[in-house]
1. Exactly one of (1) under 30 Å from residue B:302 (Cβ atoms); (2) open to solvent by 70 Å² or more (accessible area, probe 1.4 Å) is unmet by residue B:7. Its number?
2. Take residue A:100 and tell me if it is within 30 Å of residue B:30 (Cβ to Cβ), more than 16 Å from the ligand (Cβ to nearest atom) and either part of a helix (DSSP H, G or I) or open to solvent by 50 Å² or more (accessible area, probe 1.4 Å) (or both).
3. Hey, could you check segment B:239-266 for residues that are of a type in the set (Ser, Thr, Tyr) and open to solvent by less than 20 Å² (accessible area, probe 1.4 Å) and say which is nearest to residue B:301 (Cα to Cα)?
4. Can we say residue A:107 is within 15 Å of the ligand (Cβ to nearest atom) and surrounded by fewer than 17 Cβ atoms within 10 Å (Cβ to Cβ)?
5. Hey, can you tell me all the residues within segment B:385-419 that are in a loop (DSSP other than H, G, I, E, B), among the aliphatic types (A, V, I, L, M) and open to solvent by 50 Å² or more (accessible area, probe 1.4 Å)?
6. Name the single residue that is nearest to residue B:71 (Cα to Cα) among those in segment A:86-108 being more than 8 Å from chain B (Cβ to nearest Cβ) and over 16 Å from the mean Cα position of the chain (by Cα).
7. Among B:431, B:449, B:456, which is the only one that is open to solvent by 60 Å² or more (accessible area, probe 1.4 Å), touching a Pro at 6+ places or on another chain (Cβ under 8 Å) and not hydroxyl-bearing (Ser, Thr, Tyr)?
8. Kindly indicate the residue of segment A:41-50 that is within 15 Å of the ligand (Cβ to nearest atom) and in contact with a helix residue (DSSP H, G or I) (Cβ under 6 Å, 6 or more places away or on another chain) and also farthest from the other protein chains (Cβ to nearest Cβ) among those meeting that condition.
Amino acid sequence: MWRKLYAWLEDRLGLEEIYKATLDRPEPKGNWWNTLGSASLFLFLLQGVTGIFLTVYYTPSPDHAYDSIQYIMNDVAFGWLIRGIHHWGSTLMVIVVFVHMVRVFVTASYKYPRELTWIFGVGLLLLTLGMGFTGYLLPWNQRSYWATEVGTRIAGSVPLIGDSILRVLRGGPDLSALTLQRFFSGHIWIIPALLAAVIGVHLYLVMRHGESHFPDKDD
Amino acid sequence: MNEETKKKINQKYEHKLAHGERFWPDSLYKDAVVALGIFLLLILLATFVGVPGEPKADPSDATYVPRPEWYFLFLFKFLAIYGQIPVLGRIEWIAAVLIPGIFLIVLTLLPFIEKKPDRHYSKRVLPISVMGIFVVSVVTLTLIADHPLKWDAQYRLTSLLQVISGLIIPTAAYLLLFLFSFLLKDQRASQGMVLTAGLSGVLMVGLTASVLFLAPVPEVEEVFVANTLPDRVVAGQDLYSIHCVECHGDDGSVTVIEGVEGLDGTVTSPISGMDVLYTFTDATIANIITYGQQDLGMPPFGKAAGGELSVSEIDYIVTFMRYSWDDRFEMPEIPELFPPLAEGEVPSYEVHIAPIAKRFCISCHREGKDNNNYLMTSYDEIIHSGDSAPNLVAGDAESILLKVIQEQNILDENGEEIIGVMPPKSVLKPDVVDVWVRWVMAGMPETVDGAAALSDIVEPVER
Ligand code: HEM
C-alpha cells in the first residue's frame, strides 16, 4: 500500500531526483565551521516565523506601536517569548553571518569557481544589517527613535545626494509616522523578499559548486 | 586564470569529494546540532535576559543620548574618533561614507582583487593580515564605544589611547603591510607582515583593555519604565499626585480651583467625571496634558511644550485616570503604597517614607513651589532643609513635621500662624501618620537594613 502510494508520487513528482540533487550529494570532509551558513539560514527562517507572529499584534503607527509592543510583552500568551527570540535572534544572526563571512574568507573559499557565491554573500551581509536597522525603529521607544535619528542623519552626510537619501529614508525631512511606515514595510516586505531571493541564488551556487574543501598545504 | 589551473583545481576537488562524506546525513547532522543549540540559546536569552524596557519615543527630548544598535557602534565610534583629527575631521562624509564605501567595494570585489588561486593561509599572509586587523578593530571599537572621548583632565589620557588604538595603529599597520608586500621579497615580506599584524593586534587589544579599565563609563541615569498595568497605574498615580493634585484634587473631582496663584476661583469640569472620561480618548487627554489649555488655565506639562513630563509619563497618568475613575475599566490589583508594619517594626526612608512623601507632599515640597524652602525629594532634604529647620529631630515627638501632619499648626509668639497643617487641604490617614511617628522616634533610618537593625518585632504581620 505505502509502496504503491510512493511509486505513484514518485512518478509525478520525481522525488528520487530531488533527493539525489539536494540531499544525497558528496561533500569533502566537513568541519564544524561549515555549519555557519546553514546556521544563518536557520536564523533567517526563525526570524521569519517569529516576525510573522509579531505582526499579528504589532501596529506601525507612532500612537500605537509602543503600546502594541507592551501588549505583546504583557498580555499575549508567550508574546514575551516570541519577541525575546526575535530580539536576540537578530543580534545572533548578525554575529553568525559575520563569522560565516570570516570563515569563508580564511579558507579562501571565494576563489574559482565560487566568486559569485561570495558576491551574493556580501549582498546578504548588507541586507541582514538592513533588517537590523529597519527593525530597530519599530518598537518606537526612546532608544530606537534616537538611534534611527542619528543613523539616517549619518546616511544624509553623503555629498551631493545625502539630502535626497535622508528624505527617502525618513519620508520627509524629519522622523515621523511616514518613517515608521516605511521602515515597517522595508522590514517585513522589501528586505525579506530580497533576502529570500538572494539566499536562493546563494544556495543554488553553493549546491552547484559543492562545499569547498578545507585547504591543505598544496592549495 | 588559465584553463590549466582551473582543470587542476577541479581535479583536486573531485579527488576530495571521492574521499569525503555525504551531505545527508553527515553534514546535515552537524547543521541540525548547531541549529538546535542556537534555538535553545535563544530561548534561554529570551527567558532569563529578556528585552530591556525603554520609555516611549519622545521626539522633543533632545537630552537623550543617541546610540545606534550595537552592531553599528563600531562605525559610530570610528566616526567620533575620526572627528578628532584637525581639519580633515570636519569633513564627516570621508569617515561616514567614503571609507566604509571603499571597504565594501574591496570586500565585494575581493575574488577579483585576490586573483591568485592559492588557498592555504601560509600563502595568503597579506589578505589574512588585512582582515585580521579589520576584525580586531571592529571588536575593540565596539567594546570602547561608550567610553567618553573628551579632552578634559579626567579623560585626556584614555581619549588619547582610544585615538591611538582606533585610528593610528590600524592606519599605520595597513601602510606597513602594503609597504612590506611591495618592497620585500617572499620570506622577508611574510615575516614583516605577520609581525606587523600580530603586534598591532596585541597593541589594540592592550590599549582597549586599559581604556576599559581606566575610564569607567559614566553612569547613565536609569529611566524608570513601568511595564505591567499595575506598575503603570501606580506610576501614574504618583505623577498625578505630584503635578495635578493642587488644581484637580486627590480624586480629580475639583470644580472650583482654590489656593492656586492666578487661578483662584477658576471653574473646571471634574476630570474624574464621566463627562470628561467618556468624551475624550486617551490620545486627547494625553494631548491636553502635553500642551495644556492655555486659555482656560490648564498649564502644559509635556517636554514638547516646555514642561517636565515625558511622553511615557503622560501615558502613565492617562492610564491611572482611566483605571481609577472610568467605570468602564476595571482597576487592576495594585500593590500597597508601603508594606504594613508589624508591632515594633521600624519603617525606613527607602521603603516607607519616600513613597509617602511622593504621594502626599512632593507636589508642593519641591523646587519652584511655595513651601518655606522645605524640599522633600531626598533623604537629606527631608531631614535638613526648610526655613524652620530642623523640621525633624530624631526621637522628638514634638518635631515640627510630626505636629503639622497631626493637625496642629505652628504659631509664633503673637499667635499668628507660621506653618499651617500639612497637607493643607486633606488629612493623612492614621496608618500613614503612624509610619511618620515611628520613623522619627526610632531615629530616622535611611535603608531597610538600618531599619531592621533598630526593629524589635513582636510578631510579624501576615503579608
Ligand atoms: C543571510 C546570510 C547568509 C546565508 C543564509 C548563507 C548561507 C550559506 C550556506 C547554507 C552555505 C553552505 C554552508 C557553509 O559553507 O557554511 C554558504 C556558503 C557560502 N557563503 Fe553564505 N550565507 C550567508 C551570507 C554570506 C556572506 C555574508 C558571505 C560573504 C560575504 C557568504 C559567502 C559564502 C561563500 C563564498 C560560500 C561557499 C563556501 C564554501 O563553499 O566553502 N555568505 N552560505
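1. Of (1) under 30 Å from residue B:302 (Cβ atoms); (2) open to solvent by 70 Å² or more (accessible area, probe 1.4 Å), only one is false for residue B:7: (1).
2. no
3. B:240
4. No; evaluated as a whole, the condition is false for this residue.
5. B:393, B:394, B:397
6. Here the residue is A:103.
7. Testing whether each residue is open to solvent by 60 Å² or more (accessible area, probe 1.4 Å), touching a Pro at 6+ places or on another chain (Cβ under 8 Å) and not hydroxyl-bearing (Ser, Thr, Tyr) leaves just B:431.
8. A:47
The values are calculated or read from the model by the stated rules, or taken from the named source; none is laboratory data. Quick caveat: nothing in here was measured; it's all calculated off a predicted structure. FYI the Cβ positions are ideal-geometry reconstructions off the backbone, even for glycines, and counts take in every protein chain you see. To get the accessible areas, we keep the full protein, side chains included, count just its heavy atoms, and leave off ligands, DNA and RNA. Shrake-Rupley method; radii C 1.70, N 1.55, O 1.52, S 1.80 Å.
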